[in-house]
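The values are calculated or read from the model by the stated rules, or taken from the named source; none is laboratory data. These figures come from a predicted structure and were not determined experimentally. Cβ: placed from backbone, ideal geometry, glycine included. Neighbour counts: every protein chain shown.
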Ligand SMILES: Nc1ncnc2c1ncn2[C@@H]1O[C@H](COP(=O)(O)OP(=O)(O)OP(=O)(O)O)[C@@H](O)[C@H]1O
Ligand SMILES: [Mg+2]
């Protein structure tokens, strides 16, 4: 869907947008008016007008939900949500059938709890046919901690009798060096998704660069603002391209909690509100416990799974 389909975009504006790397109506909506104004120099009023027109266009074409619909329509629409297997039937069941498209699933937990293993396994499984738990699509792996390993893609694929050459070919990796690079990479996602049949984006991890760079109380509000922008862009990407997004997150201990688990995911309300599903991983000997927290419709239940040659598997 190119920019010509919006009347308000004249030739000069089109050149301006194209030079800034915005080439489609969907990309316009994903970026939103503030980003568009920033990268093109258009006034914010003009950018708001264009983004609103773009949204209406996508609504008309059925690519985006209309602003007002009945709960019945919404219910019917949700019946068609696709899911990607995690590799463990138990974990899939916990998630209501797997990782959902159109949403952000946050996986958080201590080191070695399996967050990166889930990312590697789903990056392979999303490529498989529907009957094998996939969506016949590709994955984008945004690696901020330098822990993506193509060798692991090979070993998981081999253990699952999947042709590893295909697995590697269908994962696009973006190595991210700092928080502003991360913002840039997320802004560029739309274009790559549109041109590559992407069904899953992995962000491993979402906020480690921000935590490392914004130290001290004085910088907290700027950090949260920038994270908030980033997370909202991710929400729009999941919705507009109808793909699944998995983000990983670390935990920190909160000393003020006297009873119960003292660990909370990092990133505060910004991450909490942006994630549709939050899954907390804990070590339990050779197995791992996954607990679904703060879900809009899942009960707070737990499931066991395990880490092995096949990546994520059912518990031993
Ligand atoms: N080839 C393998 N075979 C079996 N288990 C493996 C293999 N590779 C990794 N693991 C398991 O995965 C664990 C590491 O998990 P993972 O890297 O997903 O942790 P994480 O939650 O991402 O941690 P961090 O917070 O440090 O990023 C290892 O401790 C090991 O138990
Ligand atoms: Mg990791």
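Counting the residues of the range 279-291 that are surrounded by fewer than 20 Cβ atoms within 10 Å (Cβ to Cβ) and in contact (Cβ under 8 Å) with a residue 24 or more places away in the chain gives 4.
Yes/no per residue for (1) more than 16 Å from ligand 2 (Cβ to nearest atom); (2) crowded, with 19+ Cβ neighbours inside 10 Å; (3) assigned to a helix (DSSP H, G or I); (4) at pLDDT 95 or above:
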{"position": "177", "(1), (2), (3), (4)": "yes, no, no, yes"}
{"position": "181", "(1), (2), (3), (4)": "yes, no, yes, yes"}
{"position": "200", "(1), (2), (3), (4)": "yes, yes, no, yes"}
{"position": "203", "(1), (2), (3), (4)": "no, yes, no, yes"}
{"position": "211", "(1), (2), (3), (4)": "no, no, yes, no"}
{"position": "222", "(1), (2), (3), (4)": "yes, no, yes, no"}
{"position": "246", "(1), (2), (3), (4)": "no, yes, no, yes"}
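The set of residues in the range 63-74 being surrounded by fewer than 10 Cβ atoms within 10 Å (Cβ to Cβ) and either under 25 Å from the mean Cα position of the chain (by Cα) or not in a loop (DSSP other than H, G, I, E, B) (or both) consists of 67, 71, 72.
Within the range 264-300, take every residue that is part of a loop (DSSP other than H, G, I, E, B) and more than 23 Å from residue 112 (Cβ to Cβ) and give me the one that is modelled with the highest pLDDT. Ranking the candidates gives 276 first.
Condition check for residue 193 on (1) within 16 Å of ligand 2 (Cβ to nearest atom); (2) over 14 Å from residue 247 (Cα atoms); (3) buried (at least 19 other Cβ atoms within 10 Å of the Cβ): one failure, at (1). Per the conditions (1) without any contact (Cβ under 8 Å) to a residue 24 or more places away in the chain; (2) closer than 30 Å to residue 35 by Cα; (3) within 16 Å of ligand 1 (Cβ to nearest atom), the sole criterion not satisfied by residue 253 is (2). Among the residues of the range 95-120, those that are away from ligand 2 (no atom under 16 Å from the Cβ) and crowded, with 24+ Cβ neighbours inside 10 Å comprise 98, 99, 104. All conditions but one from (1) in a loop (DSSP other than H, G, I, E, B); (2) over 30 Å from residue 62 (Cα atoms) apply to residue 306; the one that does not is (1). Considering only residues in the range 121-136 that are assigned to a loop (DSSP other than H, G, I, E, B) and over 15 Å from the mean Cα position of the chain (by Cα), the one that is surrounded by the fewest Cβ atoms within 10 Å (Cβ to Cβ) turns out to be 129.
Identify all residues within the range 256-274 that are surrounded by fewer than 19 Cβ atoms within 10 Å (Cβ to Cβ) and within 16 Å of ligand 1 (Cβ to nearest atom); write none if there are none. The answer is 263, 264, 266. Surrounded by 24 or more Cβ atoms within 10 Å (Cβ to Cβ), within 16 Å of ligand 2 (Cβ to nearest atom), modelled with pLDDT of 95 or more and more than 19 Å from the chain's Cα centre (by Cα): is that true of residue 156 in this structure? Against the criterion (surrounded by 24 or more Cβ atoms within 10 Å (Cβ to Cβ), within 16 Å of ligand 2 (Cβ to nearest atom), modelled with pLDDT of 95 or more and more than 19 Å from the chain's Cα centre (by Cα)), residue 156 qualifies. Which residue is nearest to ligand 1 (Cβ to nearest atom), if the candidates are limited to the range 98-119 and must be assigned to a strand (DSSP E or B) and within 17 Å of residue 271 (Cβ to Cβ)? Here the residue is 109. Close Cβ contacts (under 8 Å, 6 or more residues apart or on different chains) running from residues in the range 106-129 that are without any contact (Cβ under 8 Å) to a residue 24 or more places away in the chain and within 19 Å of residue 238 (Cβ to Cβ) to residues that are more than 7 Å from ligand 1 (Cβ to nearest atom) and not in a loop (DSSP other than H, G, I, E, B) are absent.
If I filter the range 37-48 for residues that are without any contact (Cβ under 8 Å) to a residue 60 or more places away in the chain, surrounded by 18 or more Cβ atoms within 10 Å (Cβ to Cβ) and closer than 17 Å to residue 240 by Cα, do I get at least one hit? No, the range 37-48 has no match at all. For residue 96, the conditions (1) in contact with a helix residue (DSSP H, G or I) (Cβ under 6 Å, 6 or more places away or on another chain); (2) assigned by TED's automatic domain parsing to the domain that holds residue 119; (3) within 22 Å of residue 241 (Cα to Cα) all hold with the exception of (1).
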